[in-house]
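All remarks here apply to the structure that follows.
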Amino acid sequence: MAHHRNRRSAQMSRESADALARGLGWFSIALGAVEVFGGKGVARWLGMEQNEKLLRAYGVREIMTGVGILASRDPTPWIWGRVAGDALDLATLGKGLADPNAERDRVIMATGAVAGVTVLDIICANALTGQPPQSRQLRWDYSDRSGLPKPAMQMRGAASDFQAPRDMRIPDALRPYTQPQGNEFPRPSM
Amino acid sequence: MKALRWHGKGDIRCETVPDPEIEHPRDAIIKVTSCAICGSDLHLYNHFMPGMKKGDIVGHEFMGEVVEVGQDAKSALKVGDRVVVPFTIICGECDQCKRGNFSVCERTNRNAELAATAFGHTTAGLFGYTHLTGGYPGGQAEYVRVPYADKTHIKIPDGLTDEQVLFLGDIFPTGWQAAVQCDIEPTDTVAIWGAGPVGQMAIRSALLLGAKQVIAIDRLPERLSMAKAGGAITINFEEESVIERLNELTNGKGPEKCIDSVGLESHVSMNHPDTLLDRAKQTVMLESDRPHVLREMMYVCRPAGVLSVPGVYGGLVDKIPFGAVMNKGLTIRTGQTHVNRWTDDLLRRIQEGQIDPSFVITHTVGLEQGPEMYETFRDKKDGCIKVVLKP
Ligand SMILES: NC(=O)c1ccc[n+]([C@@H]2O[C@H](COP(=O)([O-])OP(=O)(O)OC[C@H]3O[C@@H](n4cnc5c(N)ncnc54)[C@H](O)[C@@H]3O)[C@@H](O)[C@H]2O)c1
Ligand SMILES: [Zn+2]
Ligand SMILES: [Zn+2]
């Protein structure tokens, strides 16, 4: 049983993570194409002309990762590659922010866009790696805190002197389990 | 006096404010000896509940000593009495109070019109919980003014510690009512989402009320260990499929009774893709709550079963499988807790030693440390499950 407990949740996240990965693959290729073929224009738009060559190189990197993601059976390492690439992009844009000749507003916009994609990349990479982001070990053990005077199983039903008030009882018609069938409500004909 | 005040998302401060005074003959002033932080306070801290104003004093789980009594409350209270204050303010005289539906008291919400605009009708006034429920200053403070004090209190006899009785004001009756609403039979499996303080009380209540099997669902190992101590079988929703496991444990039929002690801030993760969408919609104000647990309960509950919802919801939810509710003939019971309806009975059970609710306390600190404790509790750091503050 233990091995198949994981199946449903792991499979679900794997499926959606795979879909996300494919999306990111196409995004990589599209972005890469813009950087390679329109490198000059993008660099000028950002006011970072001196980085035109770098930008084209980044474009080549993007296209390679994109193809890698779409063509490989397991896109996991390629997505982690994207995360690393995002870090490079952010670093370059960070330099642009300090550059007095750069178009500050546009660089900030581009940084925001890259940061957004970075978040997606990290979520995707995490899910593919199969590690729930915050999976935790038992560091604080409260198994001695029952609040009960005897072992829990001996306390079952200890409060059965309690009478549920009428307004909180379930409708009699929906009480097919153990209740004696009195005359005060319609009896099912079976 | 010192009090914890809300200043915005993630911003609670311990500040000096004027002492409260008697404003109405039915008021009393309480000197707080112990108070606690509740999961409901996190909804304010994370700013998911509308209707807070900067500077509002928070806190609705508190107890202490009566230090001043208004003229019309003198028949019921005297200076020196030791009381736990229920988080719901009650008049004791309106139609709803007479039926024991205290959390929907028709008189105590002084912003009744605002509440009626939001919910169609007013509900009871609450301490430290938004202006929708009266904007009454809360109990994470050295002193509190208790309105309608002749009814809004639970007298505590000698011989019991603060820690044993403090939770009579909220989480113990809340977990109890959650289980009572299930009308538990000896053949029932009760599944409980959320092993926070409310879930822990619900687990023990379901056990004491005689459930055949109690199942607790959470992702935090320390909370699951405490759930197990209370007699529950546990499911870690980050490692296993909740639906599969619940069906396995009930011969494929599903639990008869389901309790949502999570509420509007269901954990966001890739395992639950609907929560990602809910989170995104919350950001752009298309949806106010994340109802993942409601969806899961409706789907997995046995036909003709009961859904009991103590978890707090604030507004609008999307993609609720109501077809499942209707076609399976499920009963839904919910509400803020009618605290005083249960407290005489529960106080007796504590006195008789049937249960000691102090088991849930993991942190006890001074009121000044309240702000950092909000953070610790929100982030589930340091094994935190329940924080008690000593003003
Ligand atoms: N009805 C009332 O009168 C009343 C009174 C008190 C508290 N409450 C509400 O009860 C709820 C719980 O309060 P608490 O103090 O225990 O809070 P808490 O935040 O400590 O506990 C919530 C627990 O739910 C778990 N959780 C999150 N998503 C989950 C999911 N998808 N499945 C299973 N578990 C999940 C969390 O890990 C956490 O342990 C809150 O909504 C609170 O506002 C209602
Ligand atoms: Zn509470
Ligand atoms: Zn009333």
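Assorted remarks:
- Accessible surface of the protein assembly as shown, 1.4 Å probe: 55 percent of it comes from carbon and sulfur atoms.
- Sparse-neighbour loop sites [trypsin sites (Lys or Arg not before Pro); segment B:63-123; at most 15 other C-beta within 10 Å; DSSP]: B:K74, B:K78, B:R99
- Of all lysines in the structure, the ones whose alpha carbon falls short of 16 Å from that of A:K150, not counting any fewer than 8 places away in one chain, are B:K228.
- Calculated P(r) tail over 33 Å for chain B, as whole % of Cα pairs: 27 percent
- Check: segment A:2-128 dipole with +1 on Lys, Arg Cβ and -1 on Asp, Glu Cβ, in debye: 400 debye
- Scattering curve values for segment B:288-338, log₁₀ I(q)/I(0), Debye with Cα scatterers, q = 0.26 Å⁻¹: -1.08
- Length-normalised contact order for chain B - Cα pairs under 8 Å, 6+ apart - percent: 17 percent
- Of all stretches in chain B that contain no GluC sites (Glu not before Pro) in a DSSP loop with at most 11 other Cβ atoms within 10 Å, the longest one is B:24-351.
- Heavy-atom accessible area for B:K155, with the other protein chains in place and a 1.4 Å probe, reaches approximately 100 Å².
- Here A:K40 is the anchor, and the lysines within straight C-alpha reach of less than 27 Å, apart from those fewer than 8 places off in the same chain, are A:K53, A:K95.
- Scattering curve values for segment B:144-210, log₁₀ I(q)/I(0), Debye with Cα scatterers, q = 0.12, 0.14 Å⁻¹: -0.41, -0.54
- Reach of B:K53 by Cα under 30 Å, taken over lysines that are not fewer than 8 positions away in the same chain: B:K2, B:K9, B:K31, B:K151, B:K281, B:K380, B:K381, B:K386, B:K390
- Its alpha carbons considered, the protein assembly as shown gives a radius of gyration followed by a Dmax of 27.3, 91 Å.
- Loop trypsin sites (Lys or Arg not before Pro), segment A:30-128, which have at most 12 other Cβ atoms in a 10 Å radius of their Cβ (DSSP): A:R73
- Residue mean of other protein chain beta carbons inside 10 Å, B:300-309: 2
- Solvent-accessible area of B:D158, all protein chains in place: 140 Å² (probe radius 1.4 Å, heavy atoms, ligands and nucleic acids excluded).
- Applying 1/(1 + (r/R0)^6) with R0 = 45 Å to the Cβ-Cβ distance of A:A113 and B:D344 gives a FRET efficiency near 0.15.
- Globularity index of segment A:2-128, i.e. its alpha-carbon radius of gyration over 2.2 N^0.38 Å: 1.20
- What separates the Cα centres of segment B:99-114 and segment B:56-71 is a distance of 19 Å.
- Evaluating 6.51 cos²θ - 1.76 cosθ + 1.60 at θ = phi - 60° for every residue in segment A:65-70, the Karplus couplings come out as 4, x, 4, x, 4, 6 Hz, glycine and proline recorded as x.
- Three semi-axes describe the equivalent ellipsoid of segment B:172-334; taken as square roots of 5 times the Cα gyration tensor eigenvalues and ordered largest first, they are 23, 17, 15 Å.
- When shorter helices are ignored and each DSSP H run of at least 4 residues is given -39500 (n - 2.57), the per-residue value for the protein assembly as shown at 222 nm works out to -12000 deg cm²/dmol.
The values are calculated or read from the model by the stated rules, or taken from the named source; none is laboratory data. Keep in mind that this is a model prediction, so the values were computed, not measured. Don't worry about glycine lacking a Cβ; one is built from the backbone with ideal geometry, like all the others, and counts go over all protein chains shown. Keep in mind that these areas ignore ligands, DNA and RNA; they rest on the heavy atoms of the full protein, side chains included. Shrake-Rupley method; radii C 1.70, N 1.55, O 1.52, S 1.80 Å.
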